[in-house]
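Peer 1: One structure follows; several queries about it will come next.
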Amino acid sequence: MDAIEILKQLKDKGVRFTPQRQAILEFLLETVSHPTADEIYHHVKAKFPGVSLGTIYNTLKMLKEHGHILELSYGDMSSRFDGNPQNHYHIVCSKCGKVADLHRPLLDINQEVREKSGFIIMGHRLEFYGICSECQNDEPLN
Ligand SMILES: [Zn+2]
Ligand SMILES: [Zn+2]
C-alpha cells in the first residue's frame, strides 16, 4: 500500500494527518533500514525543523495500531520500525546493529504450535543473527 492509500484509509477513520505525520509515513515506506524512532526524528527534522520527538512517537503508535507498520522491539535496545506491516523475517548484524529483511516464505508452523500449546496463535517472529558483509570486510573474523 502506498502513502496516498494509507492516508485515505486513515482519513476515512477520522485520523488527522499533518505534513509532519505524512513525512514519517513516507520515510517508513521508502526506507529498508528499519529505523529507530530517533533516526526517524532526525530524518523528518531535516525537512520539518519544528517536529517534536513526541509527534514521532504518537504517529508511530497510531500507524502501528492501525496495522500499517511493524514495531520490532529488542528488549532494552530501541525498537525498530518497519513500513512493511506483513509478517516477514529479519536478519540482524551483531556488530553494527543493521536490520535487514530476509526474503523467504513464512514457515507454516502456526497450526503445529497451536496444537502443541493450546494457544490461539496470532503470529510468530523469527530473526537471524550474524555479521553483515560490510562488517566482515571491516576486520578479519577471529
Ligand atoms: Zn554489520
Ligand atoms: Zn522488515
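Peer 1: First measure r as the distance between the Cβ atoms of His42 and His124, then evaluate 1/(1 + (r/R0)^6) with R0 = 35 Å and state the FRET efficiency to the nearest 0.05. Don't skip to the end; give the middle numbers.
Peer 2: On the way: r = 32 Å, r/R0 = 0.92.
About 0.65, to the nearest 0.05.
Peer 1: Within a Cβ distance under 13 Å of Leu60, other residues only, what is the Lys/Arg minus Asp/Glu net charge? Show your work: numbers first, answer last.
Peer 2: Details: positive: Arg21, Lys61, Lys64, Arg80; negative: Asp38, Glu39, Glu65, Glu71, Asp82.
Charge balance in the 13 Å sphere: -1.
Peer 1: In whole angstrom, how far apart do the alpha carbon centroids of the range 19-78 and the range 85-136 sit?
Peer 2: 22 Å
Peer 1: Which lysines, if any, have their Cα less than 18 Å from the Cα of Lys64, not counting same-chain residues under 8 positions apart?
Peer 2: Lys8, Lys11, Lys13
Peer 1: With +1 on the Cβ of every Lys and Arg and -1 on the Cβ of every Asp and Glu, and nothing else charged, how large is the dipole of the range 3-82 about its Cα centre, in debye rounded to the nearest 20? Show your work: numbers first, answer last.
Peer 2: Details: 10 positive and 10 negative charges, 77 e Å.
Its charge dipole is roughly 360 debye.
Peer 1: Follow-up question, since we're still on this one. Out of Asn87, Asn58, Asn110, any idea which swings most in a Gaussian network model of the chain, alpha carbons joined below 10 Å?
Peer 2: Asn110
Peer 1: Tally Lys and Arg at +1 and Asp and Glu at -1 over the other residues with C-beta under 14 Å from the C-beta of Glu5: what net charge comes out?
Peer 2: Numbers: positive: Lys8, Lys11, Lys13; negative: Asp2, Asp12, Glu26.
Surrounding charge for Glu5 is 0.
Peer 1: If you place +1 on the Cβ of every Lys and Arg and -1 on the Cβ of every Asp and Glu, how big does the dipole about the Cα centre of the chain come out, in debye to the nearest 20?
Peer 2: Details: 16 positive and 19 negative charges, 116 e Å.
For the chain, the charge dipole is close to 560 debye.
Peer 1: While we're on this one: How far apart, in nm, are the 7 Å Cα→Cβ label points at Cys96 and Lys8?
Peer 2: 3.8 nm
Peer 1: Counting only the backbone N, which residues of the range 30-64 are under 15 Å from the spot 7 Å out from the Cα of Phe17 toward its beta-carbon?
Peer 2: 30, 59-60, 62-64
Peer 1: Sorting Thr18, Thr31 on the 10 Å Cβ count, fewest up front, what's the list? Kindly include the intermediate steps, with their values, before the conclusion.
Peer 2: Values: Thr18 12, Thr31 15.
With the fewest neighbours first, Thr18, Thr31 line up as Thr18, Thr31.
Peer 1: For Lys61, which aspartates and glutamates qualify as cross-link partners when the Cα separation must be under 20 Å and same-chain residues fewer than eight apart are set aside?
Peer 2: Asp2, Glu5, Asp12, Glu26, Glu30, Asp38, Glu39, Glu71, Asp76, Asp82
Peer 1: Further, regarding this structure: Just to be sure I understand: of the beta bridges DSSP finds with both ends in the range 14-142, what percent are antiparallel, rounded to 5? Mind showing how you got there, number by number?
Peer 2: Details: 9 of 13 bridges.
Bridges in the range 14-142 are about 70 percent antiparallel.
Peer 1: Still on this model: Taking K and R as +1 and D and E as -1, what net charge do the other residues with C-beta under 13 Å from the C-beta of Asp101 add up to?
Peer 2: Details: positive: Arg80, Lys98, Arg104; negative: Asp82, Glu127.
Result for the neighbourhood of Asp101: +1.
Peer 1: Give me the log10 of I(q) over I(0) for the chain at q = 0.11 Å⁻¹, as the Debye formula computes it from C-alpha points; what are the numbers?
Peer 2: Each listed q maps to, in turn, -0.51.
Readers should treat all values here as calculations from the given coordinates under stated rules, not as data from a laboratory. Being a predicted model, the structure only gives us computed values, none of them experimental. Ideal geometry is used to build each Cβ from the backbone, glycine not excepted, and the neighbour counts take in all protein chains shown.
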